[in-house]
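Enquirer: This is the structure I want to talk about, given as structure tokens.
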Amino acid sequence: MAKRIESLKIINNQRLNKDLFILELSGKEKLPEMKPGQFAEIKVEDSPETFLRRPFSIHDVNYGENTFKLLIQIAGKGTEALSLLKTGNILNIIYPLGNSFNLPDEKKKVLLVGGGCGVAPLLFLGKQLKANGFNPDILLGFRNSERVIEYDEYLKIGRVFLTTEDGSRGEKGFVTDHTALSSTEYDKVYCCGPELMMRAVGAYCRGKDIECEVSLENLMGCGIGVCLCCVVETVRGNLCTCTEGPVFNINDLKW
Amino acid sequence: MVKLDFKIGNLHFKNPVLAASGTFGYGSEFDDFIDVSRLGGIIVKGTTLEPREGNPYPRMAETPSGMLNAVGLQNKGIDYFVDNIYPHLQEYNTNVIVNINGSCIDDYVALAERINSLRRIPAIELNISCPNVKMGGMTFGINPASTREVTKAVRSVCKKKLIVKLSPNVTNIIDFARIVEEEGADSVSLINTLVGMSVDIKNMRPSLSTVTGGLSGPAIKPVALRMVWQVAKAVKIPVIGVGGITTADSAIEFFLAGASAIQVGTASFIDPQASLKILEGIENYLDSKGFSDIKDIIGYINRDL
Ligand SMILES: Cc1cc2nc3c(=O)[nH]c(=O)nc-3n(C[C@H](O)[C@H](O)[C@H](O)COP(=O)(O)OP(=O)(O)OC[C@H]3O[C@@H](n4cnc5c(N)ncnc54)[C@H](O)[C@@H]3O)c2cc1C
Ligand SMILES: Cc1cc2nc3c(=O)[nH]c(=O)nc-3n(C[C@H](O)[C@H](O)[C@H](O)COP(=O)(O)O)c2cc1C
Ligand code: FES
């Protein structure tokens with residue numbers, strides 16, 4: 001699929017909580033085909049300290065309405081500036097970038113695991129899995145009950161399990177502690193979240209010989225495979241997360 | 001129609017906007033965004049004799065109006081280049097230049113010899129200014145004697161046009177430009193990145209795995225411009241300006257200061273169409289100022305000085 005550079009209109013900026021918001025963008029032309037796991041590079045205007053673009057996963061796509069969403073956590077100056085954008089503002093964006101999650105070929109039991117803003121690509125993936133006849137389970141970890149987002153959206157896709165670090169909702173602890181992991185046999189796990197969480201989930205899957213794909217969030221200079229700044233060490237040498245990733249099978253990573 | 005072409009010796013460039021090494025991949029990464037053949041030339045990724053994995057991650061840090069990189073010349077080596085990349089490069093109807101890097105003089109010589117046999121590569125850019133490798137690279141470019149030695153050695157075998165890329169991390173860049181001119185370089189390009197660093201205060205450690213790295217982007221433009229102006233007055237060979245050019249206006253400053261051509265680097269990361277926008281902007285500027293040939297503005301500011 002050809003990459004594009006386009007100026008798109010913000011049709012909604014929805015604040016979910018103190019740190020998270022959803023930007024909904026509408027295409028002028030027909031949207032390109034996007035796949036779960038792919039991302040977009042956003043230019044932050046009027047933020048002189050934010051020189052480089054910022055990468056965000058495609059969170060949800062509505063081809064009928066010709067719109068798509070990004071779920072963004074305020075992490076610093078760029079995301080702060082984006083959080084202040086209003087309906088009608090224009091965003092310059094390069095997309096769709098990167099590879100995508102590989103859907104299982106047979107009827108496998110699938111689990112999606114996400115934490116914090118790392119849930120961003122999982123909604124789109126979950127919807128795609130459901131559309132392809134899978135019944136994925138979804139395991140989401142948050143700091144506390146106030147951080148839980150889009151619970152109802154995930155309920156439409158499959159069974160949803162929650163953990164919070166303080167136990168204020170769902171099971172207390174981290175995603176790798178959840179009882180769902182021991183009560184169901186999964187064939188494939190998709191994971192996105194903080195690196196420590198992905199490493200823990202990766203280690204769990206490796207121990208149980210479960211196929212596992214993770215989506216990495218390495219620092220990116222260009223997003224299009226030219227600066228070679230975003231590399232991750234793999235069994236095939238240093239690979240760019242922006243072109244060979246962001247989705248990797250954990251067996252390829254030197255974790 | 002404004003005349004935009006320029007020459008290095010008898011090598012003709014249809015226009016003076018080139019893509020800088022290490023910021024334009026092998027060109028194909030930009031095919032979705034621009035017609036690469038419209039550029040005056042592209043300088044492909046820094047190439048070494050043997051494959052290199054580069055430095056450990058993190059290799060990049062954003063800085064005000066710029067970025068630091070410590071990629072360390074990750075590339076698959078000259079054999080891979082010749083077998084797998086060169087065949088595709090021939091599809092571009094523009095000058096494709098290879099940026100070569102070595103850890104010793106023999107490496108540079110061997111690379112130049114390999115490239116002699118590549119019919120569609122009309123020039124090499126000798127990178128003696130990469131700050132991100134322990135051996136070779138900038139160590140050649142910040143020492144007058146080794147700058148002379150490596151240029152002389154490569155010149156003696158190189159059948160292509162020879163552009164030497166200078167390091168800004170020196171006290172007097174004019175000396176280095178004169179040395180490479182004396183040793184037979186056909187052109188100089190400047191500047192490579194400026195050595196800098198950044199500290200991650202959240203994690204209380206250097207932002208880059210190598211601690212220091214190369215600064216690029218608009219932050220270095222005034223330094224690049226000053227050096228291009230100094231060098232253009234000191235040598236007769238064409239000077240190619242590079243460093244922080246993001247718009248046609250910034251490119252035009254370099255021509256007015258004495259550059260015969262320019263390279264667009266980091267700007268392509270933020271806008272993959274930047275190089276062509278700059279080309280179009282230069283044309284418009286010349287048109288609006290009533291110039292019919294870009295040569296008429298090269299070094300223009302020196303008239304009144
Ligand atoms: C492929 C990919 C997909 C991503 N998808 C999403 C997403 O869907 N939603 C979302 O909220 N975030 C996502 N991120 C992370 C997001 O890009 C960063 O949080 C953002 O660039 C920070 O910009 P800033 O200017 O606000 O922060 P800065 O002011 O630049 O930095 C603030 C802090 O954020 C950290 N940071 C900066 N860049 C990154 C990065 N690339 N990854 C992780 N931490 C970073 C810095 O280390 C620093 O501590 C993704 C990153 C990648 C590479
Ligand atoms: C990520 C990155 C990689 C680079 N790699 C090379 C290289 O391989 N060879 C080289 O001569 N210069 C390399 N450079 C330097 C650029 O070609 C250019 O000289 C420098 O970035 C200044 O120009 P700019 O400010 O327009 O980017 C690299 C720069 C960056 C940012
Ligand atoms: S971000 Fe530049 S190569 Fe991946």
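Enquirer: If one takes the longest principal axis of the Cα atoms in chain A, at what angle in degrees, from 0 to 90 and to the nearest 10, does the Cα axis of helix A:195-208 lie?
Expert: Between helix and principal axis, roughly 30 degrees.
Enquirer: Now for a separate question. Treating only the Cβ of Lys, Arg, Asp and Glu as charged (+1, +1, -1, -1), what charge dipole size does the protein assembly as shown show about its Cα centre? Round to the nearest 20 debye. Let's see the in-between values first.
Expert: Numbers: 61 positive and 64 negative charges, 119 e Å.
With only Lys, Arg, Asp and Glu charged at Cβ, the dipole is about 580 debye.
Enquirer: Over the range B:196-305, what is the relative contact order in whole percent, taking alpha-carbon pairs under 8 Å and six or more residues apart? Present the calculation step by step, with values, prior to reporting the outcome.
Expert: On the way: 159 pairs, mean separation 24.1, N = 110.
Value for the range B:196-305: 22 percent.
Enquirer: Something else about it: Over all residues in A:216-222, what is the mean tally of Cβ atoms on other chains that come within 10 Å of each residue's Cβ?
Expert: For peptide A:216-222, the averaged partner shielding equals 5.
Enquirer: From the residues A:G115, A:M197, A:F101, which one has its Cα farthest along the dipole of the range A:59-197 in the positive direction, the dipole being from +1 and -1 charges on Cβ of Lys/Arg and Asp/Glu about the Cα centre?
Expert: A:F101
Enquirer: Can you pull the mean other chain C-beta count within 10 Å for peptide B:60-66?
Expert: 5
Enquirer: Using R₀ = 51 Å, calculate the FRET efficiency as 1/(1 + (r/R₀)^6) where r is the Cβ-Cβ separation of A:K86 and B:N116; round to 0.05.
Expert: 0.30
Enquirer: Which FRET efficiency, nearest 0.05, do B:N84 and A:K172 yield, Cβ-Cβ r, R0 60 Å?
Expert: My answer for the efficiency is 0.65.
Enquirer: Rank B:I8, B:G25, B:S250 by how far each Cα sits towards the positive end of the charge dipole of chain B (+1 on Lys, Arg Cβ; -1 on Asp, Glu Cβ) and give me just the farthest.
Expert: B:I8
Enquirer: Ok, one more. On average, how much accessible surface per residue is there in the range B:163-256, in Å², for a 1.4 Å probe, leaving out ligands, DNA and RNA?
Expert: Averaged over the residues of the range B:163-256, the accessible area is 39 Å².
Enquirer: Hey, another quick one. Output needed: percent of Cα pairs per 10 Å distance bin for the range B:176-305, bins running from 0 to the one holding the longest distance.
Expert: With a bin width of 10 Å, the distribution comes to 12, 36, 32, 14, 5, 1.
Enquirer: Okay, next question. Mind checking the per residue accessible area of the range A:58-132 for me, 1.4 Å probe, whole number of Å²?
Expert: Accessible surface, normalised per residue, equals 38 Å².
Enquirer: Right, here's the next one. Run the numbers on the range A:228-243: which residues show a drop of 20 Å² or more in accessible area, chain on its own versus all protein chains together, using a 1.4 Å probe over heavy atoms?
Expert: For the range A:228-243, once contacts with the other chains are taken into account, A:L228, A:C229, A:V231, A:N238 lose 20 Å² or more.
Enquirer: Determine the share of the range A:4-97's accessible area contributed by carbon and sulfur atoms, expressed in whole percent, with a 1.4 angstrom probe. Could you put the intermediate results ahead of the total?
Expert: Working: 1890 of 4020 Å².
Its accessible area is 47 percent carbon and sulfur atoms.
Enquirer: Need one number: the % of Cα-Cα pairs in chain B sitting beyond the 34 Å mark.
Expert: Percent of Cα pairs beyond 34 Å in chain B: 14.
Enquirer: Determine the alpha carbon to alpha carbon distance for each of B:K233/B:K289; A:K35/A:K77; B:K76/B:K160; B:K3/B:K295; B:K7/B:K236 and list only those over 18 Å.
Expert: On the way: B:K233/B:K289 24 Å; A:K35/A:K77 28 Å; B:K76/B:K160 22 Å; B:K3/B:K295 8 Å; B:K7/B:K236 13 Å.
As for pairs spanning more than 18 Å Cα to Cα, those are B:K233/B:K289; A:K35/A:K77; B:K76/B:K160.
Enquirer: Let me ask something else about it. Counting only Cα, what are the radius of gyration and maximum Cα-Cα distance Dmax of the range A:4-97, in Å?
Expert: When restricted to the Cα atoms of the range A:4-97, Rg and Dmax are 12.2, 37 Å.
Enquirer: Still on this model: Jot down the per residue volume, in cubic angstrom and as a whole number, of the convex hull over the alpha-carbon atoms of the protein assembly as shown.
Expert: Values: hull volume 87.9 nm³, N = 560.
Considering the Cα atoms of the protein assembly as shown, their hull volume per residue is 157 Å³.
Enquirer: Next question. On the protein heavy atoms, probe 1.4 angstrom, tell me the percent of accessible surface of chain B carried by carbon and sulfur.
Expert: Values: 6150 of 12030 Å².
Carbon and sulfur together cover 51 percent of it.
Enquirer: Follow-up. In units of 2.2 N^0.38 Å, what is the alpha-carbon radius of gyration of the range B:102-197?
Expert: So the Cα radius of gyration is 1.00 times the expected 2.2 N^0.38 Å.
Enquirer: Using alpha-carbon pairs under 8 Å, 6+ residues apart, how would you state the relative contact order of chain B in percent?
Expert: 19 percent
Enquirer: Quote to one decimal, in nm, the extra length available between B:K202 and B:A153 on full extension: 0.36 nm per residue of separation minus the C-alpha distance between them.
Expert: Extra length available between B:K202 and B:A153 comes to 12.9 nm.
Enquirer: Could you pull the Rg and Dmax for the range A:101-160, using just the Cα atoms, both in Å?
Expert: Gyration radius and largest Cα-Cα distance of the range A:101-160: 11.4, 37 Å.
Enquirer: Continuing with this model, one more query. Add +1 for every Lys or Arg and -1 for every Asp or Glu among the other residues with Cβ under 14 Å from the Cβ of B:I105, and state the total.
Expert: Cβ neighbours under 14 Å give a net charge of -2.
Enquirer: Give, ordered by residue number, each residue of the range A:5-23 whose 1.4 Å probe accessible area is reduced by a minimum of 30 Å² on adding the remaining protein chains to the chain alone.
Expert: The answer is A:I5 - residues whose exposure falls by at least 30 Å² when every protein chain is included.
Enquirer: Give me the Debye-computed log₁₀ of I(q)/I(0) at q = 0.11 Å⁻¹ for chain A, equal point scatterers on Cα only, no solvent, two decimals.
Expert: Results for chain A at q = 0.11 Å⁻¹ read -0.57.
Enquirer: Now, a different point. Let me know the charge dipole size of the range B:139-227 about its Cα centre in debye, to the nearest 20, where only the beta-carbon of Lys, Arg (+1) and Asp, Glu (-1) is charged.
Expert: Dipole about the Cα centre, nearest 20: 240 debye.
Enquirer: Using only Cα atoms and rounding to the nearest 10 degrees, what angle (0 to 90) does helix A:120-131 make with the longest principal axis of chain A?
Expert: 70 degrees
Enquirer: Taking only the alpha-carbon atoms of the range A:44-161, what semi-axes of the equivalent ellipsoid follow from 5 times the gyration tensor eigenvalues under a square root, in whole Å, largest first?
Expert: Semi-axis lengths for the range A:44-161 are 28, 17, 13 Å.
Enquirer: When only C-alpha pairs under 8 Å and at least 6 residues apart count, what is the relative contact order of chain A, in percent? Show your work: numbers first, answer last.
Expert: Working: 551 pairs, mean separation 44.4, N = 255.
Reported as a whole number, the value is 17 percent.
Enquirer: With +1 on the Cβ of every Lys and Arg and -1 on the Cβ of every Asp and Glu, and nothing else charged, how large is the dipole of the range A:4-97 about its Cα centre, in debye rounded to the nearest 20?
Expert: Its charge dipole is roughly 20 debye.
Enquirer: Could I ask something else about it? At a Förster radius of 41 Å, what calculated FRET efficiency corresponds to the Cβ-Cβ distance of A:N249 and B:S65, to the nearest 0.05?
Expert: Details: r = 38 Å, r/R0 = 0.93.
Efficiency, rounded to the nearest 0.05: 0.60.
Enquirer: Mind checking B:19-29 for the average number of partner chain beta-carbons within 10 Å of each residue's beta-carbon?
Expert: 2
Enquirer: Translational diffusion coefficient of the range A:110-217 at 4 °C, 1.567 mPa s, Stokes-Einstein with Kirkwood Rh over Cα pairs, in µm²/s as a whole number.
Expert: 96 µm²/s
Enquirer: Am I reading the A/B interface right? What is its buried accessible area, both sides, 1.4 Å probe, to the nearest 100 Å²?
Expert: Buried area between the two chains comes out at roughly 2500 Å².
Enquirer: Taking the highest mean first, how do the peptides A:120-128, B:158-166 order by number of other beta carbon atoms within 10 angstrom per residue?
Expert: So the order, starting with the most tightly packed, is A:120-128, B:158-166.
Enquirer: Along the charge dipole of chain A, Cβ charges K/R +1 and D/E -1, which of A:A75, A:F56, A:V175 sits furthest on the positive end?
Expert: Result: A:F56, furthest along the dipole toward the positive end.
The values are calculated or read from the model by the stated rules, or taken from the named source; none is laboratory data. Just so we're clear, the structure is a prediction, and the values are computed from it rather than from any experiment. Because the Cβ atoms are built from the backbone with ideal geometry, glycine has one as well, and the counts that use them run over all protein chains shown. Accessible surface areas use protein heavy atoms only, side chains included; no ligands, DNA or RNA. Shrake-Rupley method; radii C 1.70, N 1.55, O 1.52, S 1.80 Å.
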